[in-house]
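Accompanying notes for the structure given below.
Coordinate-derived values only; no laboratory data. The structure displayed is predicted, hence computed values, not measured ones. Positions of Cβ are generated from backbone atoms using ideal geometry, with glycine treated the same way; all protein chains shown enter the neighbour counts.
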Amino acid sequence: MTASYVFVLGRTPHLSLAELSALHPEPSFHEVVPGIVDAKIDNIDPVSEIARLGGTVKIATPCGEYSQISPDVLAEIIIRNLPDISFTFGVSTIGPVQIGKSFLAETKERLEAAGRHVRFVEGKHGNVLSSAVIVGQHLSEFIVVKKDTMYVVSQTVAVQNIDRMLMPSVACCLRKSHGWSSTLPSGLVRGAKSCSIRFVAWERFWRKVI
């Protein structure tokens with residue numbers, strides 16, 4: 001059984017996409033906007049999946065596309081996709097989308113009118129909530145992306161482990177595949193040992209790149 005997923009890529013999107021394609025060679029990944037791709041793939045456990053993806057920051061499930069985004073629309077999306085009565089929510093935006101504190105406060109009012117007990121967290125640096133904030137605040141995050149004239153909304157279901165980086169994953173693969181241990185800092189190698197990424201997929205990927 002396949003399902004639709006949205007992948008928020010890291011700082012090197014082309015490498016992140018190559019990694020995804022190595023792990024899932026069958027489906028085609030489609031760019032939503034630069035840095036975000038979606039695809040229909042075999043149903044996965046998002047938490048386990050992101051643990052082996054060094055270059056993917058977040059995994060989300062699509063909620064739909066909308067011609068406009070407002071507190072009423074966002075509240076309806078949250079109610080439809082989040083059955084919890086009490087929760088903390090946050091919104092990350094990508095593209096020319098303005099969702100500030102007053103917008104979130106109005107959304108909170110709509111949710112409370114619908115019988116929810118909620119609070120919200122606003123991003124402090126830019127429009128994107130970090131993995132550290134999502135994990136630390138136990139947030140239910142919704143991502144709003146402006147694509148052409150539509151707003152694409154998705155719900156985050158897994159975030160990258162904040163104690164892990166892409167480079168240790170890559171380093172571990174290169175160390176095993178190409179014998180580059182003499183060129184790798186010991187700290188990088190130690191960090192790589194904790195990564196659960198599939199070495200077979202990484203080796204296949206790096207053989208194409210190198």
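Label-to-label distance, MET150 versus ILE79, with points set 7 angstrom from Cα along the beta-carbon direction: 2.4 nm. Using the Karplus relation 6.51 cos²θ - 1.76 cosθ + 1.60 with θ = phi - 60°, the per-residue 3J(HN,Hα) values for segment 48-60 come to 5, 5, 6, 5, 9, 10, x, x, 10, 7, 9, 10, 9 Hz, with x marking Gly and Pro.
A simple spin-label model places the labels of GLU65 and SER28 1.5 nm from each other, with each point 7 Å out along Cα-to-Cβ. Spatial offset of segment 84-160 relative to segment 1-36 amounts to 22 Å, using the alpha carbon center of each.
Kirkwood radius and radius of gyration were both taken over the C-alpha atoms of segment 79-150, and their ratio Rg/Rh is 0.96. Potential lengthening of the chain between ARG52 and ALA132 amounts to 27.0 nm, from the contour at 0.36 nm per residue minus the alpha-carbon distance.
Electrostatic tally near SER4: other residues with Cβ closer than 13 Å to its Cβ, Lys and Arg +1, Asp and Glu -1, net -2. Computed over segment 21-92, the range of Cα coordinates on each principal axis works out to 40, 28, 20 Å, biggest value leading. Extension gain for the segment LYS101 to ALA113, taken as residue separation times 0.36 nm less the Cα-Cα distance, is 2.5 nm to one decimal.
Taking amide H atoms as placed 1.01 Å from N in the peptide plane, the amide H of SER140 lies under 5 Å from those of THR88, PHE89, GLY90, each 5 or more residues away in sequence or on another chain.
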